[in-house]
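Worksheet: the structure to be examined is printed underneath.
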Amino acid sequence: PKDSEAEGDAEVIGEWAPEELNQLWEFLIDAAQQVDHFYVVASCRYRNPSYAGALLPVSPLPPDALFRLMSWFPALRRLSLESRARLVERLAGHPRAVEYADDLLAHALAEWENRYGPWQGGDPEQEWAELVEPVLPKVRDKLQANLLLAEIWDRVLADRERQMLYRMTLLRRPWQWPLMSVLGEEGEGDEAVFTTAERLRRTSLLEQVEVITRVKGEKFAPVRHFILHPATVQLVRYRFVEEEAPRRAVHRRLGDYLEGEANTSHSIELLLEAGYHLFQAGEYDRALEVLDSASDGLQNSGRVREGLLILEPFLTEQTKGALAPMRRESLLGRLAQAYHRLGESDQTIEYGEQQMEIAREIGDREGEGDALMMLGVAYTDLGEVEKAITYCEQALVIHQQIGDRQGESGDLGNLGLGYFHLGKFEEAIGYFEQTLLIHREIGDRRGEGNDLGNLGLAYMSLHKIERAITHFEQRLGIAREIGDRRGEEKVLGNLGTAYMQLGKVATAIGYYEQALVIDREIGDRRGEAADLGNLGITYMILGETNKAVALLEQALAIGRAIKDPLIIRKTSAALESLRSGA
């Protein structure tokens, strides 16, 4: 309303609509109510009382939908796939922005062709620099004008509301109303904070969405959350420039709040958000403590690459140098663990040696023992078993001296694996049974499952197949009970091998294929290679040579990539037999 003098009053725009629009709305609603096959779909920026009964919140379009939408527009269709993919990030999730981009790009292409002749495409970098990037500021301005964002910013919002709106742009996920308490001015009371937030909600800049959330244990239900549309975020960050110190202070408050929420709910998503805000606040030690816990949870549920990814921000020299030595050692240990789970032994050894060096510098006996144990595991994977046993024996001495039963059980299990690889199966069984007793004593179900799987392998090597299957089935039950996808994948492969030895080939193939699906889902390259190789050998036995060769070649390529000597030797021998006609 151009004639309004009530500056800063959110209700001015919220309640306003011209008479012509009201008449049109009433006509359309009347028509829709009288005819079954007539529907009205309209967009409304505000919660005007006339439209309240019909108003539905609409979230921003996800990136994949926005990308597909571009193919409907002729000028955008002429762009390379690379340019369209980059453009997705710049269009604020809004379909109207796609329309504006198409119009402006059509004009830019026409100008180009008038000057240089037909546009032939070609270099995506040139296309982006000369055609796409120059129109983006105009797209942003048209979208903000269409949504009246600049009008609201200039005419409706007071400075206090602008500052709170800026703080909201620091949030990456939808949030619930109580979190508003940390988005006000430093030291401001809750009543004043929530009053400011309510004014923002009435302008519709602060949007409501329903998010399916776990409530009361295992039950899921839609819960009201709040979010800023990306177009709003774009405007606010363009208009409002915050100094670094106040911005860090807000990140710290958000990190404190979300960490407290995560400690109550044990939610990995909340841990990730708390860690992100603490990192942005420059509190690297606290951020790593929170994110290390989240990484461990992700890795234990089979999401190893995700667990690794959230630790990457700490690997810059500046950030790593700012960490306390104990935290830096913990980071290196978690990285070594992740790379072991991914079957990347060289990386495991690199980070394990760095962890051991720091542990010895600061006198952390437990950390030293853990690093030695991880190095033993990595050298076992590389086939250097004697070296691996030496590391595991050193780790066992340390863990027994400091009374670390968890570490002791890990060392005994790894020694069992070492002797297993040397073909000393009875000795291996002795170690596996010792570690099984400890894991049951301390209530470690994951460790108990691993021990049962290792015992199954040892009994299978002694040709006690039925006994092996009994252990594998117990192992599978525990893995599924605790959500251990990696453990489930390994034991499915072992069950396949056991049934192969009993001559039940169809059953074996079923287990291998189940294991392969999980391998690829969790990114376990060593497991993937092993299961591909086992499937290849199975089809070789069935006489399906072409299928066998294809599977074995895939396994060999992975084995070479991760430098696993057992996989390389086994698949190479099988391929040689096939190709020689043996």
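Results, tabulated for the structure shown:
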{"quantity": "Helices (runs of 4 or more DSSP H) lying entirely in the stretch 53-137 (those with 1 or more residues that are under 27 Å from Arg239 (Cα atoms) and acidic (Asp, Glu))", "calculated": "95-116"}
{"quantity": "Condition check for Gly423: more than 22 Å from Arg365 (Cβ to Cβ) and not in a helix (DSSP H, G or I)", "calculated": "yes"}
{"quantity": "Qualifying residue in the stretch 219-242 (condition: farther than 30 Å from Trp16 by Cβ, open to solvent by 50 Å² or more (accessible area, probe 1.4 Å) and touching a residue at least 60 places away in the same chain (Cβ under 8 Å))", "calculated": "no"}
{"quantity": "Options Glu361, Glu344, Glu350, Glu357; residue that is under 27 Å from Glu289 (Cβ atoms) and either in contact with a Cys (Cβ under 8 Å, 6 or more places away or on another chain) or touching a residue at least 40 places away in the same chain (Cβ under 8 Å) (or both)", "calculated": "Glu344"}
{"quantity": "Among (1) under 18 Å from Asp285 (Cβ atoms); (2) touching a residue at least 24 places away in the same chain (Cβ under 8 Å); (3) open to solvent by less than 40 Å² (accessible area, probe 1.4 Å) - the single one Ala371 does not satisfy", "calculated": "(1)"}
{"quantity": "Residue that is farthest from Thr195 (Cα to Cα) [pool: residues in the stretch 1-30 that are modelled with pLDDT of 65 or more, open to solvent by 80 Å² or more (accessible area, probe 1.4 Å) and part of a loop (DSSP other than H, G, I, E, B)]", "calculated": "Trp16"}
{"quantity": "Single condition Glu113 does not satisfy, out of (1) without any contact (Cβ under 8 Å) to a residue 24 or more places away in the chain; (2) more than 22 Å from Glu99 (Cβ to Cβ)", "calculated": "(2)"}
{"quantity": "Pairs where the first residue, in the stretch 396-425, is over 15 Å from Glu384 (Cα atoms) and the second is part of a loop (DSSP other than H, G, I, E, B), C-beta under 6 Å, 6+ apart", "calculated": "Phe425/Leu462"}
{"quantity": "Residue count for the stretch 425-450, restricted to those that are polar (S, T, N, Q) and surrounded by fewer than 23 Cβ atoms within 10 Å (Cβ to Cβ)", "calculated": "1"}
{"quantity": "Single residue of Glu161, Glu198 found to be in contact with a Ser or Thr (Cβ under 8 Å, 6 or more places away or on another chain), over 27 Å from Glu99 (Cα atoms) and in a helix (DSSP H, G or I)", "calculated": "Glu161"}
{"quantity": "Residue selected from the stretch 348-397 under the condition in contact with a Ser or Thr (Cβ under 7 Å, 6 or more places away or on another chain) and part of a helix (DSSP H, G or I), by the criterion farthest from Asp524 (Cα to Cα)", "calculated": "Ala388"}
{"quantity": "Some residue of the stretch 68-89 being at pLDDT below 90, basic (Lys, Arg) and surrounded by 13 or more Cβ atoms within 10 Å (Cβ to Cβ)", "calculated": "no"}
{"quantity": "Flag for Ile509 being open to solvent by 10 Å² or more (accessible area, probe 1.4 Å) and in contact (Cβ under 8 Å) with a residue 24 or more places away in the chain", "calculated": "yes"}
{"quantity": "Lone unmet requirement of (1) surrounded by fewer than 24 Cβ atoms within 10 Å (Cβ to Cβ); (2) under 32 Å from the mean Cα position of the chain (by Cα) for Val385", "calculated": "(2)"}
{"quantity": "Scope the stretch 486-541; condition of a type outside the set (D, E, K, R), over 27 Å from Glu306 (Cβ atoms) and not in a helix (DSSP H, G or I); matching residues", "calculated": "Leu502, Gly503"}
{"quantity": "Residue selected from the stretch 480-492 under the condition buried (at least 23 other Cβ atoms within 10 Å of the Cβ) and over 22 Å from the mean Cα position of the chain (by Cα), by the criterion modelled with the lowest pLDDT", "calculated": "Lys490"}
{"quantity": "Subset of the stretch 557-573 that is open to solvent by less than 20 Å² (accessible area, probe 1.4 Å) and assigned to a helix (DSSP H, G or I) - its residue that is nearest to Tyr339 (Cα to Cα)", "calculated": "Ile562"}
{"quantity": "Conditions (1) open to solvent by less than 20 Å² (accessible area, probe 1.4 Å); (2) at pLDDT 85 or above; number of the one not met by Val156", "calculated": "(2)"}
{"quantity": "All positions within the stretch 256-284 that are open to solvent by 20 Å² or more (accessible area, probe 1.4 Å), outside any helix (DSSP H, G or I) and at pLDDT 90 or above", "calculated": "Gly282, Glu283"}
{"quantity": "From Ser43, Ser50, residue being open to solvent by 60 Å² or more (accessible area, probe 1.4 Å), modelled with pLDDT under 70 and within 26 Å of His94 (Cα to Cα)", "calculated": "Ser43"}
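Every residue, every condition in (1) aliphatic (A, V, I, L, M); (2) surrounded by 15 or more Cβ atoms within 10 Å (Cβ to Cβ); (3) under 17 Å from Gly255 (Cα atoms), yes or no:
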| position | (1), (2), (3) |
| --- | --- |
| Glu161 | no, yes, no |
| Arg167 | no, yes, yes |
| Leu171 | yes, yes, yes |
| Pro174 | no, yes, yes |
| Trp177 | no, no, yes |
| Gly184 | no, yes, yes |
| Asp190 | no, no, no |
| Ala197 | yes, yes, no |
| Ser204 | no, yes, no |
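The values are calculated or read from the model by the stated rules, or taken from the named source; none is laboratory data. All values reported here derive from a predicted model rather than from experimental measurement. Using ideal geometry, Cβ is built from the backbone for each residue, glycine included, and neighbour counts are taken over all protein chains shown. Surface accessibility is based on the protein's heavy atoms, side chains included, excluding ligands, DNA and RNA. Shrake-Rupley method; radii C 1.70, N 1.55, O 1.52, S 1.80 Å.
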